[in-house]
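First comes the structure, then the notes that go with it.
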Amino acid sequence: MITATRILLVDDQPMIRTGFRLILEAESDLTVVGESGDGLAAVADARSLQPDVVLMDIRMPRLDGVEATRRILEAQPATRVIILTTFDLDAHVLDAIRAGASGFLVKDGPADSLVEAIHTIASGEAVISPRVTRRLLERFAALPEPASAPPSLNALTQRETDVLRALSRGLSNAEIATELFVSEATVKTHVAHILEKYHLRDRVQAIILAYDTGLAVPSTPTRP
């Protein structure tokens, strides 16, 4: 028997929570275990309900989605958080990544992308919608140079470095395998080694590492 993925919905607008609930509960392997109307309630509800995945609005009263994500993951590292944003790239998305969020979706995206994202996150991967990925990379281009020296990538082999560089471009395992002329299983192994060596939660944080170290350099921001 397959255990359903347990989901906590966090948004200060009840109509949005209701819409997401209808979409998710139409799936036999997903179940909504609770709803929270603000960040403080989300932290308490996550503690009591123990969800597998939290759909987290980034802008809320009392406590925003970034700090709520940080508090939830400090107490429950196994929980996965998907940030929901109205904009292609909210000003706090980068902070939420550093807080441990495993995915980002825009609220006006198609229903099937939400379901797919939850399945992906629940399996231990990370996901960022293409629109958010593009904006995220542009935001890196606008950041000032770090005051301190970036971390070293000396722990990586040359092939792991190649995989990390490809990850930073938003490529999937299958796309990386094609580009590097290796199997998809080999790519997965390299990704796992990168995460293990730098104590990273998932692919999203690996992308952050690539930009923090200067391995990846985004192009100049462009208009949508």
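The values are calculated or read from the model by the stated rules, or taken from the named source; none is laboratory data. Model, not experiment: these values are computed from the prediction. Using ideal geometry, Cβ is built from the backbone for each residue, glycine included, and neighbour counts are taken over all protein chains shown.
Just a few scattered comments:
- Among the candidates Val182, Val191, the residue that is under 24 Å from Ser123 (Cβ atoms), part of a loop (DSSP other than H, G, I, E, B) and at pLDDT 90 or above is uniquely Val182.
- Top-ranked residue of region 97-111 - restricted to ones that are surrounded by 15 or more Cβ atoms within 10 Å (Cβ to Cβ) and among the hydrophobic types (A, V, I, L, M, F, W, C), ranked as modelled with the lowest pLDDT: Ile97
- Considering the conditions (1) surrounded by fewer than 20 Cβ atoms within 10 Å (Cβ to Cβ); (2) part of a helix (DSSP H, G or I); (3) within 20 Å of the chain's Cα centre (by Cα), Gly19 is excluded by exactly one of them, (3).
- All of Leu94, Leu40 fail the test of being of a type outside the set (Val, Ile, Thr), touching a residue at least 40 places away in the same chain (Cβ under 8 Å) and crowded, with 16+ Cβ neighbours inside 10 Å, apart from Leu94.
- Meets criteria (within 22 Å of Ala101 (Cα to Cα) and modelled with pLDDT under 85) for Tyr198: no
- Candidates in region 155-179 are the residues that are among the aliphatic types (A, V, I, L, M) and not in a helix (DSSP H, G or I); of these, the one that is surrounded by the most Cβ atoms within 10 Å (Cβ to Cβ) is Leu156.
- Of all the criteria given as (1) in a helix (DSSP H, G or I); (2) in contact with a His (Cβ under 9 Å, 6 or more places away or on another chain); (3) not charged (D, E, K, R), the one not satisfied by Ile83 is (1).
- Answer residue from region 181-192, given it is surrounded by fewer than 17 Cβ atoms within 10 Å (Cβ to Cβ) and not β-branched (Val, Ile, Thr) and is nearest to Ala101 (Cα to Cα) among those: Ala192
- Test: Glu196 is surrounded by fewer than 15 Cβ atoms within 10 Å (Cβ to Cβ) and part of a helix (DSSP H, G or I): yes
- Criterion (outside the structural domain of Leu209 (by TED's automatic domain parsing) and in contact with a His (Cβ under 8 Å, 6 or more places away or on another chain)) met by exactly one of Asp64, Asp108: Asp64
- When restricted to residues that are of a type outside the set (Val, Ile, Thr) and under 19 Å from the mean Cα position of the chain (by Cα), region 176-192 contains 2.
- Condition met for Thr120 (surrounded by fewer than 24 Cβ atoms within 10 Å (Cβ to Cβ) and of a type in the set (S, T, N, Q)): yes
- Selection status of Arg70, in the same structural domain as Met15 (by TED's automatic domain parsing), modelled with pLDDT of 80 or more and farther than 24 Å from Ser28 by Cβ: yes
- Tabulated pairs, region 57-71, first charged (D, E, K, R), second in a loop (DSSP other than H, G, I, E, B) and surrounded by fewer than 24 Cβ atoms within 10 Å (Cβ to Cβ), C-beta under 6 angstrom, 6+ apart or interchain: Arg62/Asp38
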